[in-house]
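One structure is given here, and the rest of the page talks about it.
Any read-out appearing in this document is the output of simple, stated calculations on the displayed coordinates, not a laboratory observation. All values reported here derive from a predicted model rather than from experimental measurement. Here the Cβ positions follow ideal geometry from the backbone for every residue, glycine too, while neighbour counts run over all protein chains shown.
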Protein chains: 2
Amino acid sequence: MVEQNVQVRMRRHPEGMVTEDDFDIVSVDVPVPGPGEAVVKTHYLSLDPYMRPMMDPLRSYVPHLNPGDLMPGAAVGEIVESNEPSLPVGSIVTGMLGWQTHGIVTPGTCRIVDTEAGPTSAALHVLGMTGATAHYGLLELAKPRAGETVVVTAASGAVGSVVGQIAKIRGARTIGIAGGPEKCRYVREELGFDECLDHRAPDFLEQLAAATPDYVDVLFENVGGPIFDAVLTRINDHARIALCGNVSQYNADEPYGITGMRYLLVHRVSMFAFVIADHREYWPGAIAEIGQWVREGKVRYREDIAPGLHNAPKAFIEMLTGRNFGKQLVEVAAS
Amino acid sequence: MVEQNVQVRMRRHPEGMVTEDDFDIVSVDVPVPGPGEAVVKTHYLSLDPYMRPMMDPLRSYVPHLNPGDLMPGAAVGEIVESNEPSLPVGSIVTGMLGWQTHGIVTPGTCRIVDTEAGPTSAALHVLGMTGATAHYGLLELAKPRAGETVVVTAASGAVGSVVGQIAKIRGARTIGIAGGPEKCRYVREELGFDECLDHRAPDFLEQLAAATPDYVDVLFENVGGPIFDAVLTRINDHARIALCGNVSQYNADEPYGITGMRYLLVHRVSMFAFVIADHREYWPGAIAEIGQWVREGKVRYREDIAPGLHNAPKAFIEMLTGRNFGKQLVEVAAS
């Protein structure tokens, strides 16, 4: 039997919460590489919150998906056929291959993974996009100083977990916010944050005030909505906010209204929204530094691996509702 | 009869909209200058939106007023008695003298006004704090480039009118937003903005979309609330927002919830809240440059002068509801 390329496509724009019925799983021929191209067989696919807003029919100039489009996403895999000398068969590469078992790459659309630096799956998070996101947003935009208070939302997530560990390396007092006692324990005990608050606790606002007696100098914001509003009430003069995600709102029919804008003004806060794809030149240095920290045991991580591409929609939905624990990956083929 | 110092004090914290009953008018002795001090007799008092949030009983470390406190504010006047050689009798000075007919200054709490640069009242706006605010927020934070689209809210106000005129000098396409057709006509025809939209018009959102075909690169935000939310729907990639005021919300019992946070993220917007009092070193250069533009006819302004200190509460309330036209001043004594 000839091997097929299995793909997950968006069947329709979701209404509110994504469901498995919003996806189609189809089989097509494995692509044939043209000149300068190579075929990758995917080992791991990364599932990330940014994919959700791309599924909405938003304004025309925002990148978004149409029904029938392949779901986008970063993946890591092995070159299995090549017409490009710089991408020899057997190399491990990562790129935006999408939710499929086989994809085409060129030297400009992938990077070769240093398999000595760590497990290849780490190229999809701590040694890849989410690591670079954490490094850039915290150190280039928010710029915490030693002794300042840094708050990180979605602290157990792929980005937040790295942000907090870097903040600790830089000598900041680091407060995580996460959903549920198990995640909070992990953030405190395994990742080494100074504190982690459960935003589902009935007295969350009181806990937040108690944990930030000197107020909040840096907020690394991944979730938005009422948690963002809560932290604004504790923001310090001249605070910096790195606005990285808004995951609490991606499935909302009606967006939550942020009522704390006045705190931004009164405290002369700067807020920087960013997407790491705009800063490709920044990745190699950031990934090299995080790789060093990983080897020194200063940056730790956890993976949550769903088995098989057919489980990707379910794992994606669970990730959006916070049921994953660690960086959400899909094992597409055994490596 | 011995001259008295008439003062306007906050009688109580306002609940919602400020009323005249929230103020007391009292007479006390004219202050006696100590060593190094001088007495100023006020000619003009400036009324500004920032005074309103100071009247709220907010968090303890935000500067705010207690019942019985003198209302704060910038004023310009003449030295009438002096124990300080650098502040001779007859000099015109400006400083934070508050809502009163007489105040004490030292060399560190006032600046001598160059009476050749323009009318002395201009030291309270275009050649003073509001001019410096416009210059700093636009040119140091938002940094418009020629050909970009700049939106200015409260465009006919003391800050907004200067912002838009500087944006035009820098070659930006400049769209004002103001309340009512008379203000919009003034902004277009007298201040030279490319367009001015009336946010009270029933089709304001459609007008805004039509006026920003290339989206919004810079927003100079003075009002907040639903107008801010409306502009967010038109924000461009990598836009910059100077967050200067939130006047629509200063009297609100329940703050408006901003629903457009997702636009900040999708378009990687940077937002800078600021208060010009943090940047005293910036004032002289900014005021000198604006003075040059005023003399060249490139920056124009309008004043709305209430007669007599006893009218200050009423004029303040009218300013907060947008009924003033031009920079709101109070003529405290004939100059």
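What the phi angles of the range B:114-131 give under the Karplus curve with 6.51, -1.76 and 1.60, with θ = phi - 60°, is a coupling list of 7, 6, 7, 6, x, x, 4, 4, 5, 5, 8, 8, 5, 9, x, 4, 5, x Hz, glycine and proline written as x. The dipole here belongs to the range A:14-73: it is taken about the Cα centre, uses +1 on the Cβ of Lys and Arg and -1 on the Cβ of Asp and Glu, and is about 280 debye. Of the beta bridges in the range B:48-179, as assigned by DSSP with both residues counted there, near 60 percent are antiparallel.
Tell me the relative contact order for chain A as a rounded percent, counting alpha carbon contacts under 8 Å between residues six or more apart. Walk me through the intermediate numbers first.
Working: 742 pairs, mean separation 58.9, N = 335.
Normalised by residue count, the contact order of chain A is 18 percent.
Can you tell me the FRET efficiency between residue B:15 and residue A:66 if r is taken as the Cβ-Cβ distance and R0 is 51 Å, rounded to the nearest 0.05? Once rounded, the FRET efficiency stands at 0.45.
With all projection directions averaged, the alpha carbon convex hull of the range B:119-260 covers 8.6 nm². Round to the nearest 0.05 the FRET efficiency obtained for residue A:25 and residue A:325 when R0 = 22 Å and r is the Cβ-Cβ distance. After rounding, the FRET efficiency stands at 0.30.
Shielding by partners for A:273-285, please: the mean number of other protein chain Cβ atoms within 10 Å of each residue's Cβ.
On the way: counts 13, 5, 5, 0, 1, 3, 1, 0, 0, 0, 0, 0, 0.
The shielding value for this peptide is 2.
Kirkwood radius and radius of gyration were both taken over the C-alpha atoms of the range B:1-139, and their ratio Rg/Rh is 0.99.
May I ask for the distance between the Cα centers of the range B:4-70 and the range A:173-192, given as a whole number of Å? Between the Cα centre of the range B:4-70 and that of the range A:173-192, the gap is 47 Å. Distance from the B-onto-A rotation axis is smallest for the Cβ of the chain B residue given, in whole Å, as B:257, 1.
Å³ per residue of the Cα convex hull, for the range A:76-128?
Working: hull volume 4.2 nm³, N = 53.
Roughly 79 Å³ of hull volume per residue.
With label points set 7 Å from Cα along Cα→Cβ, the inter-copy distances at residue B:201 are 5.2 nm, sorted shortest first.
Shown is the FRET efficiency for residue A:214 and residue B:56, computed with R0 = 22 Å from the Cβ-Cβ distance and rounded to the nearest 0.05: 0.45. Computed from phi, the 3J(HN,Hα) profile of the range B:201-209 under the Karplus parametrisation 6.51, -1.76, 1.60 (θ = phi - 60°) reads 5, x, 9, 3, 5, 5, 4, 5, 4 Hz, with x in place of Gly and Pro. Exposure proxy shown here: for A:149, B:106, B:120, A:174, the number of other Cβ atoms within 10 Å sets the order, fewest to most, as B:106, B:120, A:149, A:174.
Rounded to the nearest 20 debye, the dipole magnitude of the range A:178-306 is 200 debye, with +1 charges on Lys and Arg beta carbons, -1 on Asp and Glu beta carbons, and the Cα centre as origin. The stretch between residue A:252 and residue A:200, if pulled fully straight at 0.36 nm per residue, gains 16.9 nm over its current Cα-Cα span.
Note on the range B:196-335: semi-axes of the ellipsoid equivalent to its C-alpha gyration tensor, largest first and rounded to whole Å, are 30, 21, 16.
Determine the relative contact order of the range B:2-62: mean sequence separation of Cα pairs under 8 Å and six or more apart, normalised by residue count, in whole percent.
Numbers: 47 pairs, mean separation 20.4, N = 61.
Relative contact order comes out at 33 percent.
Working note: Cα atoms of chain B, range along each principal axis, descending, whole Å: 64, 44, 36. For the range A:161-235, applying the loop criterion from DSSP together with a ceiling of 14 other beta carbons within 10 Å to the trypsin sites (Lys or Arg not before Pro) yields A:200. Distances between copies at residue A:189, taken between label points 7 Å from Cα along the C-beta direction, are 7.4 nm in increasing order.
Ordering B:333, B:235, B:225 by the projection of their Cα atoms onto the charge dipole of chain B, which places +1 on the Cβ of Lys and Arg and -1 on the Cβ of Asp and Glu, puts B:235 at the extreme positive end. In a DSSP loop and with at most 12 other Cβ atoms within 10 Å, the chymotrypsin sites (Phe, Trp or Tyr not before Pro) in the range B:1-81 are B:61.
How big is the Kirkwood radius of the protein assembly as shown, worked out from every pair of different alpha carbons and given in Å to one decimal?
Details: mean 1/r = 0.0362 Å⁻¹.
About 27.6 Å for the protein assembly as shown.
Absence of a disulfide-compatible partner, taken as no other cysteine beta carbon within less than 4.7 angstrom, is noted in chain B for B:110, B:244.
Distance between the C-alpha centres of the range A:215-273 and the range B:272-335: 32 Å, rounded to the whole angstrom. Projecting label points 7 angstrom from Cα along Cα→Cβ for residue A:190 and residue B:296 puts them 6.3 nm apart.
Once every DSSP H run of n ≥ 4 in chain B is given -39500 (n - 2.57) and the sum is divided by its residues, what mean residue ellipticity at 222 nm do you get, rounded to the nearest 500 deg cm²/dmol?
-6000 deg cm²/dmol
Rounded to the nearest 5, what % of the DSSP beta bridges within chain B are antiparallel ones? Don't jump to the answer; show the numbers that get you there.
Working: 30 of 56 bridges.
Of those bridges, close to 55 percent are antiparallel.
Over all Cα atoms in the range A:256-335, the spread is summed up by Rg and Dmax: 18.5, 54 Å. The trypsin sites (Lys or Arg not before Pro) of the range B:31-140 that meet both conditions, a loop assignment by DSSP and at most 14 other Cβ atoms within 10 Å of the site Cβ, are B:59. Counting only DSSP beta bridges with both residues in the range B:151-278, the antiparallel share comes to about 0 percent. Only one residue of B:87, B:27, B:51 has its Cα farthest out toward the positive end of the dipole of the range B:1-120, where Lys and Arg carry +1 and Asp and Glu -1 on Cβ, and that residue is B:51.
Ranked from shortest, the separations from the 7 Å Cα-to-Cβ label point of residue A:83 to its equivalents in the other copies are 9.2 nm.
When averaged across all projection directions, what area in nm² does the alpha-carbon convex hull of the range B:12-69 cover?
Details: hull surface 23.9 nm².
Averaged projected hull area, Cα only: 6.0 nm².
Dipole size of the protein assembly as shown about its Cα centre, with +1 on Lys/Arg Cβ and -1 on Asp/Glu Cβ: approximately 560 debye, rounded to the nearest 20.
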